1. When chain B is treated as a GNM, springs tying every alpha-carbon pair under 10 Å, which of B:L43, B:L19, B:L100 comes out with the largest mean-square fluctuation?
2. Counting DSSP beta bridges with both partners in the protein assembly as shown, what percentage is antiparallel, nearest 5?
3. Decide, for the range B:6-130, between rounded, prolate and oblate: order the square roots of the alpha carbon gyration tensor eigenvalues as a ≥ b ≥ c, take rounded if a/c falls under 1.5, and otherwise choose prolate if a/b is larger than b/c, else oblate.
4. For the pair B:K53 and A:D66, how long in nm is the line joining their label points, each one 7 Å along Cα→Cβ?
5. Report, ordered by chain and residue number, the lysines lying within cross-link reach of A:K264, taken as a straight Cα distance under 16 Å and ignoring same-chain residues fewer than 8 apart.
6. What do you get for trypsin sites (Lys or Arg not before Pro) in the range A:220-323 restricted to DSSP loop and a cutoff of at most 11 other Cβ within 10 Å of the site's Cβ?
7. For chain A, what's the relative contact order in percent, using C-alpha pairs closer than 8 Å and at least 6 residues apart?
8. Note down the nm distance, to one decimal, between modelled labels 7 Å out along Cα→Cβ at A:N253 and at B:F69.
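Every number here is computed from the coordinates shown, using simple stated rules; none is lab data. All figures in this text were calculated on a predicted structure; none of them were measured in a lab. Counting neighbours? That spans all protein chains shown, and the Cβs are built from the backbone with ideal geometry, glycine included.
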Amino acid sequence: MAGIIGWGAYIPKYRITAETIAKVNNDSAPAIKSGLGLTEKSVPGKDEDTVTISTNAARNALLRADINRKEIGAVYIGSESHPYAVKPSSSIVAEALDIGNQYMAVDTEFACKAGSATIQINAGLVDSKMINYGLSIGSDTSQAEPGNALEYSAAAGGAAFIIGKNEEAIATLDYTCSFTSDTPDFWRRAMQPYPSHAGRFTGEPAYMKHVIGATELILEKSKMKISDFKYVVFHMPNGKFPLIVAKKFGVTNEQIEPGLIVKKIGNTYSGSSLLGLSCVLDIAKPGDKILMTSYGSGSGSDSFIFTCTKKIADAQKKARTTDDYVNRKKYLEYPEYAKHMATIH
Amino acid sequence: MFRESSIIRWRNYNDRYKLIGYKCDQCGKTYFEKKGLCTCGSLTFDEIEFSGKGKIVTYTKVHSGAEAFQEQAPFCVAIIDLDEGARITAQLTDCDYEDLKIGMEVEAVLRKFYKSGEKGVIHYGTKFTPKF
Ligand SMILES: [Zn+2]
């Protein structure tokens, strides 16, 4: 099968704390922090959007991949916040990356799993020899209505992956599968600025059912056990949900904690599980096995099993780590935050 | 209302998105803008892509920019010497004026330049941010 040739993260510099939002919304900050399991979130700069975040993440992925960029035959970007309703983000990003014109491209949308789905698409294209390399990106400047509970978690960031042949991979893709059903837990209708969600329904019948469903399926197909994995990443709508799934599967703290980026930057929607994967690739060693399961409302989960190769150690040094971006931060007060969000969609 | 042809901008994508420049094939001097003649007298240049790394030569703060840039104001603009030698003027981003210094290392990032109104095209291009 195919594998990851290079990976890269990008997270905007700005943050707002749960305390700052809670003050404006008359909420209890301690209750929010313990309820959601997060303390602050990333906020895009006034001049940032899904296209700029994707480009900067992909440039990091290219730094790690020792390839001729003109051989990238497909560019797919998953997001809930493509800047245009009609006109692709993927062609703008590809132009900025200077990969030429001989590439397939499309923007994808499946709530928070639009990015992980593009890894499956590119892996299929590589395996069928239709392309040499494919670029998969998940990135968002997440929307949340002011005053809504989502405002505490909806964050900005993204991760990019160059998918190519197994032999060149820093991490081979050993298995992937999905678990999908028609579930109305979270949506945003056309022309609406903010998403709507079905409150508590977003938990058990939505996130839990699909993340558990896909994870059980991949363990069954691969005949592997949770203890075979060095790292486990589940989609992170908040800091609580992935830990509930972790507990169900007997995932240890050591396995889940390194990818639990939501605690530091919030939920980056299509970027969420992929930034978690980027965090663990930053520190993984050859031979380490990684299990990742994404989740997209509506609903579906994509599950992946990767094994890191010898090439990973060298690639880790070639670009900024996810943590480099996590640690670069400037806190905003609420009025500045409102200004940042107003100019971005 | 600020309006401009999206087509004219499109013709400049090479310079805006990618920092493509020109290198004299005789003496190796680099230029950001296309030149007909090098200071050494040569007439022929090769296209090169700049690494995007450079240092601030001088800088200023713009409080009241053109209408299209107003939502980003105040912002900083700097003259930058790229590591390859060429000198360019560019907008800075993710920085406070008070923290800037002459000689500060900066690097290129893709950002939004401006939108042509609420219905128009979104223009992207290269800005510079302090190296971190
Ligand atoms: Zn010359």
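1. B:L43
2. Details: 71 of 91 bridges.
Antiparallel bridges: around 80 percent, rounded to the nearest 5.
3. On the way: a/c = 2.50, a/b = 1.38, b/c = 1.82.
Oblate is the answer for the range B:6-130, as a/c is 1.5 or above yet b/c matches or exceeds a/b.
4. Placing both labels 7 Å along Cα→Cβ, they lie 2.0 nm apart.
5. A:K13, A:K33, A:K41, A:K240, A:K329, A:K330
6. Working: sites: A:K221, A:K223, A:K225, A:K230, A:K240, A:K247, A:K248, A:K263, A:K264, A:K289, A:K310, A:K311, A:K317, A:K318, A:R320; in loops: A:K223, A:K225, A:K230, A:K240, A:K310, A:K311, A:K317, A:K318, A:R320.
Answer in residue order: A:K223, A:K225, A:K310, A:K317.
7. Reported relative contact order: 27 percent.
8. 5.1 nm
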